[in-house]
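The numbers here are math on the coordinates, done by the rules we state, and not lab data. Please read all numbers here as calculations on a predicted model, not as lab measurements. Neighbour counts run over all protein chains shown; Cβ positions are idealised from the backbone, glycine included.
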Amino acid sequence: MAKNEVLHNMVEEPILWHDRKRILGMPISFTVYDVDQDNLTIRKGLLSTTTDEMLLYRILDLKMKQTLGQKIFGVGTLTLYTADQSNPTVELVNIKYPDKVRRFLGNLIEQQRNAKGITGREMYGAAGIGHDNCDHDGDGMVDIDLDGDGIPD
C-alpha cells in the first residue's frame, strides 16, 4: 500500500469542542483550541505554528478564572493541571463559556479514565503530588515516593 493510500484511509476523530483565544470577546487571535474524544490540541501562531497535543486522561485538575473584564466580554481562562512532564500547567485563555467548557472537559476526562481503567491513585504518583520534600524517618535524607504508591521509598 502506498503512503498516500495509508494517509487517505486514516480517520480523524470528530472535534467535540473548538474555540480560539479571544481578544475583547472576538475570536481574532492565532491560538486555537480543539478537543476530540482522546486529546486536547493547542495550535499557536500564524507564520510559524506550534502544535501541542495532550491526552485528556492526563489532566488532573481544572481551575476556572474570570476577571471583571472577562465577565463583561463573556470569556474566561481555564487552567489545566496535568501529569504531562513537558506541560504541567496549560491555560486555555479567554475562551467563550468557560464554566460550560470546564464541566464538559471534566466529564470527558472522567470518561477517558474509566475507559482506560485509570484510577486517581495511579495519576497521583505520576504528577509528583505527594513529594513534600520532608525527612519522614529522620535519617537526614528527603523521602520521595518514586513508584507512585503513596509511600515514600
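Computed quantities for the displayed model
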| item | result |
| --- | --- |
| Where a label projected 7 Å from the Cα of Phe104 along Cα→Cβ would reach, residues of the range 48-69 with amide N under 20 Å | 52-67 |
| Neighbour-count ranking [beta-carbon atoms within 10 angstrom, fewest first] of Asp34, Asp61 | Asp61, Asp34 |
| Computed over the range 13-126: relative contact order in percent, which uses C-alpha pairs under 8 Å that are six or more apart | 21 |
| Cβ-Cβ FRET estimate between Phe73 and Thr119, R0 fixed at 30 Å, reported to 0.05 | 0.15 |
| Segments 87-99, 48-60 sorted - mean Cβ within 10 Å per residue, highest first | 87-99, 48-60 |
| Across Lys65/Lys116; Lys44/Lys71; Lys96/Lys116; Lys71/Lys96; Lys44/Lys96; Lys21/Lys116, pairs whose alpha-carbon gap is larger than 22 Å | Lys65/Lys116; Lys44/Lys71; Lys96/Lys116; Lys21/Lys116 |
